[in-house]
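Chemist: Quick one: the structure is below, questions incoming.
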There are 4 protein chains.
Amino acid sequence: MSARAGAAEFLGSAGLAAVVVGSGIAAQTLSPGDVGLALFENAFATALGLTVLILVFAPVSGAHFNPVVTLVDALSGGRPWRTVALYVPVQVAGCVTGAVLANAMFGVPTALSTTDRATWPHLLAEVVATAGLVLVIFALVRTERAHLAAPAVGAYIGAAYFFTSSTSFANPAITVGRAVSDTFAGIAPASVLPFIGAQLVGAVLAWLLVRALFPVADPDPAIVPDGSHSEAAAS
Amino acid sequence: MSARAGAAEFLGSAGLAAVVVGSGIAAQTLSPGDVGLALFENAFATALGLTVLILVFAPVSGAHFNPVVTLVDALSGGRPWRTVALYVPVQVAGCVTGAVLANAMFGVPTALSTTDRATWPHLLAEVVATAGLVLVIFALVRTERAHLAAPAVGAYIGAAYFFTSSTSFANPAITVGRAVSDTFAGIAPASVLPFIGAQLVGAVLAWLLVRALFPVADPDPAIVPDGSHSEAAAS
Amino acid sequence: MSARAGAAEFLGSAGLAAVVVGSGIAAQTLSPGDVGLALFENAFATALGLTVLILVFAPVSGAHFNPVVTLVDALSGGRPWRTVALYVPVQVAGCVTGAVLANAMFGVPTALSTTDRATWPHLLAEVVATAGLVLVIFALVRTERAHLAAPAVGAYIGAAYFFTSSTSFANPAITVGRAVSDTFAGIAPASVLPFIGAQLVGAVLAWLLVRALFPVADPDPAIVPDGSHSEAAAS
Amino acid sequence: MSARAGAAEFLGSAGLAAVVVGSGIAAQTLSPGDVGLALFENAFATALGLTVLILVFAPVSGAHFNPVVTLVDALSGGRPWRTVALYVPVQVAGCVTGAVLANAMFGVPTALSTTDRATWPHLLAEVVATAGLVLVIFALVRTERAHLAAPAVGAYIGAAYFFTSSTSFANPAITVGRAVSDTFAGIAPASVLPFIGAQLVGAVLAWLLVRALFPVADPDPAIVPDGSHSEAAAS
């Protein structure tokens, strides 16, 4: 992992958490009378913001911002496993930093969330949400359309805020980051591990689906000399 | 029909029903005070989610998820009729599965809908909605712009949720799937056949329009050796 | 004007009026408590629907659906003046038909609107709205980016519903069509001519701006042998 | 600076202010019961309108409409410093004109805003908002994707209306323009300089980040003979 790639993952993860948590605080504060409207505002901001963040950082780090994306990238022969070991903590640190920044921008104290979310329907929803996210990204990568990942991932998450009951965290790093804001987008620490477990299950299911539905000719894409596969896999 | 194509139609149809029914449940639950706002949230999620589903599965199965699209594809010399016989039941099974999954994600029991929808204005609306959908898809296919079908179909359905009185089902498979959720997006079983009848009328009208407005040079596109036409027709 | 082009202008204009009036009726009925929310739903549906209609019909007729666009196209050396004389009545007939269809889809009687709109601020807004629309279209055409007109025009109108006080009719044909629905998007007949007058003023101002800001090398683009200019001008 | 470029910066800046202030007035008037909904309508119109304005004027002037963008463009070896001295006053005059036009379209008197905004959290938010905007633009420019700046900037601002507490002015010229409308989007004159100071801090931070994350091969891009860099930097 180059220093530039690490910085890009950090900034992108921080940006993602700032968008998710910050727009959640704004929505909750400004639309107190209707939770659906607040979630709509939150989803609108997240869909647009995530699209832009992927667009900006994809050429530098692949714009994962998400440990399960980095994991499936490695499983598919993309980046080496030592990159996983470096990306993941940077992603988590970035998401925590971004949540703290969002709190500061809105003058809200940083505090552990008190929103319990770990019900069985919500965990099923996280499996579905994460499987869908991984399927979208790697379907595009394996059909040489990685340049569409930015708007596709933004659109997917915008939809998934509503079509899943968990509002689609789908990302272990953002799950940790959301735990440090006791606001609209927060999650109580006790719900974090169950959510991450469900996300890992979803990622593995999606990876099996991706292999079956989108076979690639080259069984070992990591050896492509110009490295274009692993960059593509990242965006 | 290859196994991969069948799996893609099943997963895509299930995804579509999960998005439509799931976001309907979320919208109804979180925005109880304004039906228009709930429909807006439902339309936002459906427009984005449908765009992404078509993008993901188009290279594998053509991303129909809709019996009338498969039917008109066959009428236009695209996929053979035996594919219609295989796609259609898979689409219906996928949509039912997706609706059941949405119910489960929200902890809502799977039950037949009690929402009667079969009024004459709604049936007229389904004719219009389906005709518009078929016209959009095949206009793009026949002018070599099939790559724009994903965002165009998503945008069309997002608009049609509002500009038709029926909220634009425009798809016999999703009409059946919606019958097994007694929630916002549901439809009572007694309204299913009238809706499907109106959709078939709309599809036939649109097919006549498409032939008149977008003539193609090759009278028998199915014989194109590389199969590119039938794939294009599918997306 | 070929019969196909005339049919495309008729269908596209009817589709536009059905989207504008139909989504207006849905919004007004389903969101009775907040006019801004109803306008938001109306703008969302119109932005998406208009984008799709231009995409579909541009290869056939240029997808004007708007007399001032046809007029400026002719002024710029695009289609001949006899086409203006044929397109304009077809556009008006299409918009009236689409409004009647929207009324029928919602079970609302077709009746003259009783919404007076002709105030001086609204007329100023129509000048601005129409000038902006014409500028967007012909700026793209004259810089060889006509393929971006569909999403750009949809986005422009979606924004203009809110940034102008008149909600941006910006089209004499749709202004006439809206007069036959006494619903959210309607306009009283007495306000129609003042609106059309303001739209013509805006179109002429925009055309002067376009000529100054986007000069083209060829002073008489209509003589380009392959006709690509006049087609481009149309989309 | 050619006369055409100056006119484009003036018109684009006026258009931007008209969209921001005008849609703010409409939102505030039509959705008086929920500030979040009004901001959502304002953000929707601004995201779409800004995208279209950049698309239209980029080939003529670079579509900055923003002194900090012009400043960073000059710092990066793009346009010469004398262009900065000419663009900036034109941008400010354009934004003031656009705000006055918005007031006139809504029949609202032009008056100094009474909305104090200069709190420490809001100033932090302006640093973040401006840094993000500059990063988005120059990341795209330095990776040869300047053609994506129009939708990316529109999407970024749409998100930033919600994820920052200041609603993301991020532009000294629009900050001045908003001061002359005592409406939803206004800012009291006493808050203008603190906001501009925060914006300058954000721009400098972003410029340091851009240099570190997106190094370009040519250390002096301004000498590229065909001028393509400086045009790219502008859009």
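Chemist: Of the residues C:Ala18, C:Ala85, C:Ala206, which exhibits the maximal mean-square fluctuation in a Gaussian network model of chain C defined by a 10 Å Cα contact cut-off?
Modeler: Judging by the Gaussian network model, the answer is C:Ala85.
Chemist: Can you tell me the relative contact order of segment A:3-234? Whole percent, Cα pairs under 8 Å, sequence separation 6 or more.
Modeler: Working: 419 pairs, mean separation 70.7, N = 232.
So the answer I get is 30 percent.
Chemist: Calculate the all-directions average of the projected area of the protein assembly as shown's alpha-carbon convex hull, and give it in nm². Each step should come with its number before you reach the end.
Modeler: Working: hull surface 135.6 nm².
One quarter of the hull surface, i.e. the mean projection, equals 33.9 nm².
Chemist: Note down the net charge around D:Phe138, summing +1 for each Lys or Arg and -1 for each Asp or Glu among other residues with Cβ under 13 Å from its Cβ.
Modeler: Details: positive: D:Arg142, D:Arg145, D:Arg211; negative: D:Asp73, D:Glu144.
Net charge in that neighbourhood comes out at +1.
Chemist: Would you please report the Å³ per residue occupied by the convex hull of the alpha carbon atoms in chain B?
Modeler: Given the Cα convex hull of chain B, per-residue volume reads 105 Å³.
Chemist: Same structure, new question: Which whole number gives the average, over all residues in C:165-176, of C-beta atoms from other chains lying within 10 Å of the residue C-beta?
Modeler: Shielding by partners across C:165-176 averages 1.
Chemist: Report the label-to-label distance for B:Val216 and C:Trp81 in nanometres (one decimal), using points 7 Å from each Cα along the Cα→Cβ vector.
Modeler: 4.2
Chemist: Roughly how crowded by other chains is peptide D:24-34, in terms of the mean Cβ count from those chains within 10 Å of each of its Cβ atoms?
Modeler: Numbers: counts 2, 3, 9, 5, 1, 3, 9, 7, 3, 5, 10.
Neighbouring Cβ atoms belonging to other protein chains average 5 per residue here.
Chemist: To continue, here is another question. What value, in deg cm²/dmol to 500, does the helix sum -39500 (n - 2.57) over DSSP H runs of n ≥ 4 give at 222 nm once divided by the residues of the protein assembly as shown? Please list the in-between numbers first.
Modeler: Numbers: 36 runs with 664 residues, N = 940.
After summing the helix terms and dividing by residue count, I get -24000 deg cm²/dmol.
Chemist: Which log10 I(q)/I(0) values does segment D:1-139 give at q = 0.09, 0.19 Å⁻¹ under the Debye formula, counting every alpha carbon as one identical point scatterer?
Modeler: -0.30, -1.26
Chemist: Right, something else. Ordered by residue, what ³J(HN,Hα) values in Hz, to whole numbers, does segment C:57-65 give under the Karplus form 6.51 cos²θ - 1.76 cosθ + 1.60, where θ = phi - 60° and Gly and Pro are x?
Modeler: Karplus-based 3J(HN,Hα) across segment C:57-65 equals 9, 4, x, 8, 10, x, 6, 6, 6 Hz.
Chemist: Can I ask one more? Efficiency by 1/(1 + (r/R0)^6): what FRET value for A:Val201 and A:Thr110, r their Cβ-Cβ distance, R0 = 45 Å, to the nearest 0.05?
Modeler: Rounded to the nearest 0.05, the efficiency is 0.90.
Chemist: Label-to-label distances across copies for D:Leu205, with labels 7 Å out along Cα→Cβ, in nm, shortest first?
Modeler: Result, one decimal in nm: 4.0, 4.0, 5.7.
Chemist: Measure nothing but the geometry: give the 0 to 90° angle between the long axis through the Cα atoms of B:120-142 and the longest principal axis through the Cα atoms of chain B, rounded to 10°.
Modeler: Value to nearest ten degrees: 40.
Chemist: Which residue of chain B is nearest the rotation axis onto chain C, counting by its Cβ, and what is the distance in whole Å?
Modeler: Per the Cβ-to-axis criterion, the result reads B:Leu37, 4.
Chemist: How do B:Ile137, A:Ile54 rank when sorted from fewest to most other Cβ atoms within 10 Å of their own Cβ? The partial results should precede the final answer.
Modeler: On the way: B:Ile137 28, A:Ile54 24.
Final ranking by Cβ density, sparse to dense: A:Ile54, B:Ile137.
Chemist: If you don't mind, another one. If you take every residue apart from A:Ala118 with its C-beta less than 15 Å away from the C-beta of A:Ala118, what net charge results, scoring Lys and Arg +1 and Asp and Glu -1?
Modeler: Numbers: positive: A:Arg117, A:Arg178; negative: A:Asp116, A:Glu126.
Value of the local net charge: 0.
Chemist: Suppose every Lys and Arg Cβ carries +1 and every Asp and Glu Cβ carries -1, with no other charges. What dipole size does the protein assembly as shown come out with about its Cα centre, to the nearest 20 debye?
Modeler: Values: 32 positive and 48 negative charges, 38 e Å.
That gives the protein assembly as shown a dipole magnitude of about 180 debye.
Chemist: Sort D:120-129, B:71-80, B:37-46, D:62-71 for me by packing, meaning the mean count of neighbouring Cβ atoms within 10 Å per residue, highest on top. Don't skip to the answer; put the middle values down first.
Modeler: Numbers: D:120-129: 23.6, B:71-80: 20.4, B:37-46: 26.0, D:62-71: 27.5.
With the highest mean Cβ count within 10 Å placed first, the list reads D:62-71, B:37-46, D:120-129, B:71-80.
Chemist: Can you check what the Kirkwood hydrodynamic radius comes to for segment C:153-205, Cα pairs only, in Å to one decimal? Provide the component values of the computation, followed by the final result.
Modeler: Working: mean 1/r = 0.0866 Å⁻¹.
After inverting the mean inverse Cα-Cα distance, the result is 11.5 Å.
Chemist: Further, regarding this structure: Using a 7 Å offset from Cα along the direction of the beta-carbon, what are the separations from D:Ala188 to the same position in each other copy, nm, ascending?
Modeler: Distances to the matching label points in the other copies: 4.2, 4.2, 5.9 nm.
Chemist: Report the residues of segment C:152-167 in range of a label on D:Thr29: point 7 Å along Cα→C-beta, backbone N strictly under 14 Å from it.
Modeler: Correct set: C:161-167.
Chemist: Work through the residues other than D:Pro172 whose Cβ is under 12 Å from its Cβ and net out their charges, Lys, Arg +1 and Asp, Glu -1.
Modeler: Numbers: positive: D:Arg178; negative: D:Glu126.
Computed value for this residue: 0.
Chemist: Let me ask something additional. Ignore the peptide's own chain and count Cβ atoms of other chains within 10 Å of each Cβ in C:101-107; give me the average, rounded. Don't skip to the end; give the middle numbers.
Modeler: Details: counts 4, 5, 1, 6, 14, 7, 7.
Mean partner-chain Cβ count within 10 Å for C:101-107: 6.
Chemist: Can you list, shortest first and in nm, the gaps between the label point of C:Trp120 and those of its counterparts in the other copies, using a point 7 Å from Cα in the C-beta direction?
Modeler: Copy-to-copy label distances at C:Trp120, shortest first: 4.9, 4.9, 6.9 nm.
Computed from the coordinates by the stated procedures, all read-outs in this text should not be read as laboratory data. Quick caveat: nothing in here was measured; it's all calculated off a predicted structure. Backbone-built Cβ (ideal geometry, glycine too); neighbour counts: all protein chains shown.
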